[in-house]
Amino acid sequence: MPEVTVRNLAKTFGGNSVLRDVTFTIRDGEFFTLLGASGCGKSTTLNCIAGLEQPTEGAITVGGRPFVDTAAGVFLPPEERNLGMVFQSYALWPHMTIAKNLALPLNIRKVPKEKQKTLIHDALDKVGLAELSGRYPHQLSGGQQQRVALARALVYSPTVLLLDEPLSNLDAKLREQARAWLKRLQEELGITTVYVTHDQEEALALSDRIAVMEGGNMIQIGTPHEIYERPAAPEVAAFVGRCNFLTGKVVGHDGMRYGVRLDCSGDVVQVDSDRNIAADDSVTVAIRPERLEVVPPSGTVSGGNRLHTEVMTSSYVGSRYEYDVRLGGQAVQVLSSHGGLTGRVDLVFDPGQALLYADKVELPEEQRDLLTVNS
Ligand SMILES: Nc1ncnc2c1ncn2[C@@H]1O[C@H](COP(=O)(O)OP(=O)(O)OP(=O)(O)O)[C@@H](O)[C@H]1O
């Protein structure tokens, strides 16, 4: 299966720039996800690879074959790219059986009828639906229809699979099952896959690597672990998983490189960071709710840092408790296995569990709302 390279991709719609200098390489056999909020340019990027959109600038090659090169005037039409596509709407023909739906792309490619039978059977077999080839789409569940759409994209052995939110029409439970099934299938087939989603959990669960997009730019490319544990920018930390952003002022450094000490609403804490930050700089500390431990004041627990806070609200959410606490003028969310804490509490965390950003961060809406509601 081929590698996909995208170089300096740009797209404008009527003077409105929606992709800006996007560059990335998808490795052979990789499950690569474009993740970001609605309107950030994920589908436009995918459609440029598919040939459904013509980029304003840039070059795309698949397996070394140029699909697009605006500088050289190259644009390969979609039907010559041999890519498999599945969209959010499965776009199955309702008046045709499943077998007939799968035959369509083969007819276009002038595959002989006898060979078609084997290919259709094999493709339906891959998605576990070989028995249902004579049914019509309305005789299948949503999950089965989604599998048929995938089989139709696989039936002509595409070089790359392009999937645009293919699971978003399924209900939550079915979606989780389909996710596990899709990952297994992609691994078995070893097909290079580009996946578009705005669902960060789905991206983390499915992908070998994720590209996080914002406003037409790619702001980080990395493995799910890298994206979650070492978000390159506060925007990534805010979009992937939940994150608290605390403002603080640097009061000094411990040691040559790591260990920045800072004042967070009156408490001095230490955060590991290799950023070059000077004393008195205003910084933002990002910390995940599950990386904070909430304890009664002066309660003992391991962890280097202690913030003095007060519980605003707490709720039991089945597997754990969620606390919203106030730290000076800042709101902080914490997940804990301990329930029933009220009033003054301490938040404890390890210096390696927080990330330091040199810029002041615009608070995510949930954190701003928390303070407004509880003040
Ligand atoms: N054909 C078009 N004409 C004009 N503007 C467009 C067109 N297609 C997309 N856009 C705009 O380009 C921007 C990026 O759209 P795109 O569909 O790539 O975003 P997305 O990240 O896939 O969002 P979503 O998850 O909502 O599909 C949006 O602001 C959108 O309105």
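No value in this document is a laboratory result; all are computed from the given coordinates. All of these numbers come straight from a predicted model, not from anything done at the bench. Don't worry about glycine lacking a Cβ; one is built from the backbone with ideal geometry, like all the others, and counts go over all protein chains shown.
What to note about this one:
- Euclidean distance of C-alpha centroids, the range 17-81 and the range 225-297, integer Å: 36
- Other residues whose C-beta falls under 11 angstrom from the C-beta of Ser133 contribute a net charge of +1, scoring Lys and Arg +1 and Asp and Glu -1.
- Pairs beyond 27 Å (Cα-Cα), from Lys42/Lys100; Lys117/Lys173; Lys126/Lys173; Lys42/Lys173: Lys42/Lys100; Lys117/Lys173
- For the chain, the fraction of alpha-carbon pairs in successive 20 Å shells from zero, as %: 25, 45, 26, 4
- Across the options Ser282, Thr309, Gln139, the greatest Cα extent toward the positive end of the charge dipole of the chain (unit charges at beta carbon of Lys, Arg, Asp, Glu) belongs to Gln139.
- Leading residue at positive end of dipole, the range 19-163 (Cβ point charges), from Met96, Pro55, Gly41: Met96
- Around the Cα centre of the range 4-235, unit charges on the Cβ atoms of Lys, Arg, Asp and Glu (plus for the first two, minus for the last two) sum to a dipole of about 820 debye.
- Per residue of the chain, the DSSP helices (runs of n ≥ 4 H) give a summed -39500 (n - 2.57) that works out to -7500 deg cm²/dmol at 222 nm.
- Descending semi-axes in Å of the range 74-138, equivalent ellipsoid built from Cα gyration tensor: 22, 15, 11
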